[in-house]
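Below you'll find the structure, written out as structure tokens, and then a few comments.
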């Protein structure tokens, strides 16, 4: 956290909605003063603080209470109980297009949208040219909004929304829509805001982006605080929970133990019943085990496995994340038609090796995650035989500023129990 004085303080915040079976029940409740509603607690005793200058993420499934919390913080929704304190000028992007009207021109809508976002007319006047330039809609800006395509409307509302310069900036998932090029352009602006010293609350289902942008993350589940802490670990615990829910349904003690472990270390495992990864080692060119490499050196990822499965084709993969849990690179052997077995059941124990001829990574710490999966079309979560998140850590040091790309094509080598088969790419139309 970058400051000592909280920009946002929330204590025991609760929001309860009244749900009625029909409008008639609402009228009867008012007339008779007898409850005819069902209470629904959207938030339950939520507490946290956000320091000035902190980028704070909020994650959770649909219906977890994220949008309700943001609307309370933005001052557009009352809470039932608890205390909320927000210091500084607040701008909230909760509903793209608020204040826009189809009968007015794009230019007129920029003024109305800016006023709805809390900007003064003078501020809009000073920014109007840059907003229009950012939207890339100069030839159409004086045409009625109703003549715009949906993509053009998104560009104009995006450009207006991210032109604010608040002390506290609240962003819902509004920027998740629109064409990929412009969304990336908008996210570049969001990153600038995050680096400007403003206090930012960022809500998204994109947990990788949340881990990259945010210092800490709050995980809401059914209106309660499930976890609060450093972004990489909370994001990994949430990822683990999503994967386990897919296969298990209702929460269980075993899954909670996995969540707790991920919150402590950012590590977790999936599967491991039929075939499991016994160990992961990193070797240098001479075959010596190492965890510190220099940029440009070769590295071998050796995965030891054991177990048995009747699945005809098992493929192996790895992923490299940086210390912020942002994916740097990865490889899945099915992409080159390489499998641990060629149609026969797999049984016993052995090793496979990913050979990276040259590491082209920036200086810092990295984590390798490894997986063994059945080849399925379409791919499903059930195809995972064993997945180990953050199986091993390594550090890259640089002698000079080098290329930060990762231009290699790994080679997979199978040893001991079985021979790696490479029957060629899967038949056309069968790739997952």
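Any read-out appearing in this document is the output of simple, stated calculations on the displayed coordinates, not a laboratory observation. Bear in mind that the values here come from a model prediction, so they are computed numbers and not experimental data. No Cβ is skipped: glycine too gets one built from the backbone with ideal geometry, and neighbour counts run over all protein chains shown.
Observations on the model:
- Of all beta bridges that DSSP places with both ends in the range 144-246, some 60 percent have antiparallel geometry.
- Compared with the dominant principal axis of the Cα atoms in the chain, helix 231-248 is inclined by about 80°.
- Each helix, a run of at least 4 DSSP H residues, gives -39500 (n - 2.57); summed and divided by the residues of the chain, these come to -8000 deg cm²/dmol at 222 nm.
- Once the Cα-Cα distance is subtracted from the 0.36 nm per residue extended length, the residue 112 to residue 323 segment shows a gain of 71.7 nm.
- Fluctuation leader among 352, 26, 385 - the chain, Gaussian network, Cα springs under 10 angstrom: 26
- Percent of Cα-Cα distances greater than 41 Å, calculated over the chain: 32 percent
- Using the Cβ-Cβ distance between residue 40 and residue 397 with R0 set to 45 Å, the FRET efficiency from 1/(1 + (r/R0)^6) comes to roughly 0.25.
- Peptide ranges 69-82, 153-166 listed from the most packed, as the mean C-beta count within 10 angstrom indicates: 153-166, 69-82
- The chain - share of DSSP beta bridges that are antiparallel (%, nearest 5): 80 percent
- Average projection area in nm² (convex hull over Cα atoms of the range 54-137, one quarter of hull surface): 7.9 nm²
- Ranked 125, 267, criterion: other C-beta atoms within 10 Å, fewest first: 125, 267
- Separation in nanometres of the label points that stand 7 Å from Cα toward Cβ, at residue 133 and residue 12: 5.2 nm
- Inter-label distance for residue 189 and residue 256, nm, one decimal - labels placed 7 Å from Cα along Cα-to-Cβ: 4.5 nm
- The ranking of 305, 243 from fewest to most other beta carbons within 10 Å of each one's beta carbon is 243, 305.
- Here the gap between residue 308 and residue 167, fully extended at 0.36 nm per residue and compared with their Cα-Cα distance, gives a gain of 45.0 nm.
- Full extension of the chain between residue 377 and residue 365 yields a length gain of 0.8 nm, computed as 0.36 nm times the residue separation minus the alpha carbon distance.
- Rounded tilt (10° steps) of 121-135 against the dominant C-alpha axis of the chain: 30 degrees
- Taking 285, 274 and counting other C-beta atoms within 10 Å, the order from fewest to most: 285, 274
- Computed from the alpha carbon atoms alone, the convex hull of the range 269-416 holds 107 Å³ per residue.
- Rounded to the nearest 10 degrees, the angle from helix 180-195 to the longest Cα principal axis of the chain is 80 degrees.
- Whole-Å distance, taken between Cα centres, linking the range 21-59 and the range 314-372: 46 Å
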